[in-house]
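Enquirer: My questions will all concern the structure given below.
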Amino acid sequence: MAKKDSKRPMKREQEQKEFQEEVLQIDRVTRVVKGGRRLRFRVTMAIGDGKGRVGIGIAKATEVSVAMKKAVTVAKKNLVNVPITNTDTIPHEVKFKYKAARLLMMPASPGTGVIAGGALRKVLNLAGVKNVLSKSYGTNNRVVNAQASILALQELRPVKGSLKKKEAPKAEVKEDKAEAKEEKAEKKAPAKKKAPAKKKEAAKK
């Protein structure tokens, strides 16, 4: 009789990543040393959670996969908070210049979409901006444009009454409501009055 395989396929649980990752550019760089040329890869990565946090990182390594991991760790250390309005756009217009890159970003009405190109489009998508009008000119270098976009997003200032409210988990909301009801019930309930002591019965005849 054929022996049954005792090994069972292991189920791999896919961990939900906190940040989405996008590769902006991969470059092959060489360095001349005494023994010849040293070849490495430079990777530019952008990460974001789609809820207002975004960052970019640049790293080098002899392998692309190792450089990508390094760039992600660098990007996590350089996260930027982007204020997003209720209509999923930026609060106000921004004009920014960094090195040879010049950027222009303007708020847009719902349904417009992300009107942008190159590295700027990827950065805005990762940040969670869904409606924006933008223009990048001056240079086609993706690394410089990505750096300029992060610095331009840092210039944004929140406007009162227009920002998104962060939703609390449902379990916490239910607990808060239950506690509030208990407090109201305690306040409404009148304090119990002590019953007067019974008078002593009249002495027996």
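Enquirer: Arrange the peptides 27-37, 143-153 so that the one whose residues have, on average, the most other Cβ atoms within 10 Å appears first. Write down the numbers at each step before the final one.
Expert: On the way: 27-37: 8.7, 143-153: 22.4.
Answer by packing, highest mean first, reads 143-153, 27-37.
Enquirer: On to the next question. Among the listed pairs Lys17/Lys95; Lys76/Lys164; Lys97/Lys130; Lys51/Lys135, give every one whose C-alpha distance is greater than 28 Å. Could the numbers behind the result be given before it?
Expert: Numbers: Lys17/Lys95 33 Å; Lys76/Lys164 23 Å; Lys97/Lys130 23 Å; Lys51/Lys135 23 Å.
Correct reply: Lys17/Lys95.
Enquirer: Multiplying the sequence separation of Gln154 and Thr139 by 0.36 nm and subtracting their Cα-Cα distance, what value in nm do you get?
Expert: On the way: separation 15, 0.36 × 15 = 5.40 nm, distance 2.06 nm.
Gain on extension, Gln154 to Thr139, equals 3.3 nm.
Enquirer: Can you report the principal axis dimensions of the range 73-156 using only the alpha carbons, biggest first, rounded to whole angstrom?
Expert: Here the spans come out as 31, 29, 19 Å, largest first.
Enquirer: Let me ask something else about it. For the range 38-77, report the translational diffusion coefficient in µm²/s to the nearest whole number, using Stokes-Einstein at 25 °C, 0.890 mPa s, and a Kirkwood Rh over Cα pairs.
Expert: Working: Rh = 10.2 Å.
Estimated diffusion coefficient is 241 µm²/s.
Enquirer: Something else about it: Based on the alpha-carbon gyration tensor of the range 25-121, what equivalent-ellipsoid semi-axes (square roots of 5 times the eigenvalues) come out, in whole Å, largest first? Working shown, then result.
Expert: Working: eigenvalues 238, 47, 23 Å².
For the range 25-121, the ellipsoid semi-axes come out as 34, 15, 11 Å.
Enquirer: For the peptides 112-118, 54-60, 87-93, what is the packing order when you average, over each peptide's residues, the other Cβ atoms within 10 Å and list the highest mean first?
Expert: On the way: 112-118: 15.4, 54-60: 21.3, 87-93: 17.7.
Taking the mean over residues of other Cβ atoms within 10 Å, the ranking is 54-60, 87-93, 112-118.
Enquirer: First select every other residue whose beta carbon is under 11 angstrom from the beta carbon of Val114; then total the charges, Lys and Arg +1, Asp and Glu -1.
Expert: Values: positive: Arg121, Lys122, Lys130; negative: Asp88.
Computed value for this residue: +2.
Enquirer: Moving on to the next point. Can you give the extra length, in nm with one decimal, that the chain gains between Lys60 and Ala100 once fully stretched, where that is 0.36 nm per residue apart less the Cα-Cα distance? Kindly include the intermediate steps, with their values, before the conclusion.
Expert: Numbers: separation 40, 0.36 × 40 = 14.40 nm, distance 2.36 nm.
Length gained between Lys60 and Ala100: 12.0 nm.
Only the coordinates and a few stated rules stand behind these numbers; no lab work does. Every value quoted in this text rests on a predicted model; they were computed, and no experiment measured them. So basically every Cβ, Gly included, is an ideal-geometry build from the backbone, and we count neighbours across all protein chains shown.
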